[in-house]
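Trainee: Please see the structure below; I have some questions.
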Amino acid sequence: MTYDVVALVQGTPDPRATVAAMVAAGPDLRVRHAADGAILQLCEPSGPPLVSIEVPLFMQVPGEVERLLGAEVSRHVPVPVYWVEARAATEAADAGPIAGRFAEEMVRLLGGRVWREPGDGDPPALPSADPPGTDAADFPGVDLVTERAAVVVQSRPTVPLTAWLADALRRCGESQRALQLLTPSNTRLTLPLRLMLAAQNGRWVVGDGTADGHYDGLTGVPLTWDGAAFAIPRDTERPGGLADLFTRRPVPVGDQLICTLRTLHPAANDTKLGRAVELLCGTLTGAPPGGWGTAEPAAQPWNRDEVTARCRDRAPYPTWLVVVGGLGPRCAVGTMFVSRTPKGVEEAITLVVGERSGADPDGSLFDPDRLADVAERLVTEGAADSLYFQRTEGGPGVTAVPHWTGLPGPVGMALGTGSVREVGLTYAMSPPDVPARRIGDDSGSAVWYDLGDGTTPDSRARMERLTLHLSGGSAN
C-alpha cells in the first residue's frame with residue numbers, strides 16, 4: 001500500500017542529522033538524487049527506489065499544518081517548523097517501515113512530531129500495465145508509468161499539491177502523459193491540486209471499494225483501466241451516467257465563495273503584484289493572506305515584495321503560486337498565475353473562501369451588497385479589471401470531495417474601467433433584467449452586476465442574459 005509520512009522537526013535538519021536518519025532507516029540502502037537534487041531516494045543495493053524524501057521545507061505560516069495534516073498534530077508542533085516529507089513505494093512491503101524509521105529518527109534527533117497516514121481505509125490497488133510499465137526513474141514518487149499515463153496512489157485524508165506532485169505534473173506535460181491520481185473515496189483534494197489536475201489534463205481516479213470499480217472524482221464518470229491508463233469505457237452500459245458512489249454525499253460539505261479575478265499591470269520596474277489577493281482576503285476573511293509558495297504547504301509568510309521578485313526573476317516565463325489565508329472563522333485558499341502579455345503583466349487569481357465548521361461569523365459571505373463593496377474597492381484601486389463571484393459546495397477547509405456537490409451558481413460580477421470602456425458605459429449599464437450599478441471613483445467607470453444568491457435557477461438565467469448582452473456590446 002502507499003505510505004506517506006511527514007517529520008515535523010523543530011531543529012535544523014542539517015546533513016549530519018539527515019544522514020543519521022537515513023542510516024537508521026536502513027544501513028544497507030544506497031542513496032540517489034532525483035528531480036534535479038530536490039528529492040533523495042533510498043534504494044536497495046540493486047533495486048528500485050523504496051522511499052523518496054523531499055528537501056526540508058521551513059514552515060513559517062500559521063494554520064498550514066492544521067489545514068493539511070489536521071488539528072491534532074498542529075497542536076503539538078507550533079510554527080516555525082521544518083516539514084520533511086517521505087513517500088514509500090507502493091509495491092514494496094518494507095518501504096513503509098523504512099520511511100517511518102527515517103522520520104522517527106529525525107524527530108528523535110531534532111525534536112518535533114511524526115505524522116502518519118491514518119489507517120482507517122484501504123487504498124485502491126495499483127493496476128498492472130499491459131505491456132509492463134516503463135522505468136519510473138524519471139518520475140520520482142510515481143507508482144506506475146506507462147506510455148500514456150503516470151499513476152500516483154494516495155490514501156491520506158487530504159492530498160495537497162506537494163513539490164513532488166508538482167514535479168510529476170511537469171514531467172507528465174513534458175512527456176505528453178496524463179497524471180492520474182488514484183485515491184479511495186474518503187480522500188479530499190486541496191484547491192491548488194484540483195485546479196492543477198484540471199489544467200494539466202490530469203485525472204482524479206477514485207476507487208469505489210470494489211475490485212475493479214473506479215470513477216472520475218471531479219465528474220463522476222465511470223472509469224476502467226485499459227492497460228495503459230484509466231479511461232471512460234467505450235462499452236459502458238450507462239452512457240452518460242454517473243457512478244453510484246459519486247451521487248451520494250457521505251461526507252459533510254459547506255458553502256464556498258469562488259472569486260475569479262483578472263488584472264493587468266504595466267510592465268514597469270515599480271509594478272508590485274498581490275494587491276488584489278490582499279484586498280480579497282482582508283475583506284472576506286478579516287485578515288490579509290497568511291502565506292504563499294510554489295507548492296503546498298505554503299511555507300513563506302505573505303510578502304508582496306517577495307512575490308513580485310519571484311515573478312520578475314522568472315519573466316518572461318509565467319509563474320504559478322499558492323496563496324493561503326484566514327485563521328478565524330473563515331479560511332481562504334487560492335492560486336495566482338502571473339504572465340507577460342503584449343499589454344503588460346497579467347494576474348489571474350482564483351481564491352476560494354469557506355467558513356470553518358461551527359463558525360458563526362458576522363454577516364453573510366454571500367451578501368450581494370458586501371460583495372459589491374469588495375468589487376468597488378478593487379476596481380477603485382486598479383486591482384481588478386474583471387471580477388466574478390460564484391457560490392458552490394465543497395469539503396472542509398476549502399477542499400474538493402469526490403461526490404456530487406452541484407454546479408457553481410453565479411452571485412455577482414464586476415467589469416473594470418477598461419472593459420467598460422470597450423463596450424461603452426451606457427451599454428454596460430443596460431443588460432436586460434439584470435440589476436446593474438456604476439461603481440468606482442470619478443477617474444473611471446466600472447459596473448457591478450447583481451446575479452442573485454447563487455442557489456436558484458434565476459442566478460444562472462441572469463448570468464446567461466448578461467453574457468449574451470456583453471458579447472454583443474459595442475462602444476457608444
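Trainee: For Arg188, enumerate residues with amide H under 5 Å from its amide H, sequence gap 5+ or separate chain, H modeled in the peptide plane.
Mentor: When sequence neighbours closer than 5 places are left aside, the close amide H contacts are Thr158, Val159.
Trainee: In whole Hz, with x marking every Gly and Pro, tabulate ³J(HN,Hα) for region 342-348 from phi via Karplus 6.51 cos²θ - 1.76 cosθ + 1.60, θ = phi - 60°.
Mentor: x, 8, x, 10, 9, 9, 10
Trainee: To continue, here is another question. Counting only residues 5 or more places away or on other chains, whose amide H sits under 5 Å from the amide H of His214 once H atoms are built in the peptide plane?
Mentor: Asp208, Leu223
Trainee: Quote the charge dipole size of the chain about the Cα centre in Debye, to the nearest 20; the model charges only the Cβ of Lys and Arg (+1) and of Asp and Glu (-1).
Mentor: Once rounded to the nearest 20, the dipole reads 660 debye.
Trainee: Report the one residue of Trp404, Gly112, Val333 whose Cα lies farthest in the direction of the positive end of the charge dipole of the chain (charges on C-beta: Lys and Arg +1, Asp and Glu -1; origin at the Cα centre).
Mentor: Farthest along the dipole direction, towards plus: Val333.
Trainee: So, one more: Using helices alone, I'd like the mean residue ellipticity at 222 nm for the chain: each DSSP H run of four-plus residues gives -39500 (n - 2.57), total over residue count, nearest 500.
Mentor: -7500 deg cm²/dmol
Trainee: Could I ask something else about it? Read phi for every residue in region 410-427 and hand back ³J(HN,Hα) as whole Hz from Karplus 6.51 cos²θ - 1.76 cosθ + 1.60, θ = phi - 60°, with x for Gly and Pro.
Mentor: x, 10, x, 8, 10, 9, x, 4, x, 5, 5, 4, 5, 9, x, 5, 4, 5
Trainee: Over the chain, with every protein chain in place, what whole percent of the accessible area is carbon and sulfur at 1.4 Å, could you tell me?
Mentor: 50 percent
Trainee: For Cα extents along the principal axes in Å, the listed values are [x] 75, 67, 39; [y] 65, 50, 40; [z] 76, 55, 45; which was obtained by calculation from the structure presented?
Mentor: After the calculation, the listed value that fits is [z].
Trainee: For an R0 of 22 angstrom, estimate the FRET efficiency from the Cβ-Cβ distance between Arg234 and Ala198 and round to the nearest 0.05.
Mentor: E(calc), rounded to 0.05, equals 0.40.
Trainee: For region 101-107, just list the computed ³J(HN,Hα) in residue order, Karplus coefficients 6.51, -1.76 and 1.60, θ = phi - 60°, integers in Hz, with x standing in for Gly and Pro.
Mentor: The phi angles translate into 5, 4, 5, 4, 5, 4, 5 Hz.
Trainee: What's the angle, to the nearest 10 degrees (0 to 90), between helix 163-175's Cα axis and the longest principal axis of the chain?
Mentor: Compared with the principal axis, the helix lies near 80 degrees.
Trainee: Keeping all protein chains in place, calculate the accessible area per residue for the chain (probe 1.4 angstrom), answer in Å².
Mentor: On a per-residue basis, the chain sits at 44 Å².
The values are calculated or read from the model by the stated rules, or taken from the named source; none is laboratory data. Here the structure is a predicted model, which means the values were calculated and not measured. A quick note on method: Cβ atoms are made from the backbone with ideal geometry, for glycine too, and the neighbour counts reach across all protein chains shown. Surface areas here come from the heavy atoms of the whole protein model, side chains and all, with no ligands, DNA or RNA. Shrake-Rupley method; radii C 1.70, N 1.55, O 1.52, S 1.80 Å.
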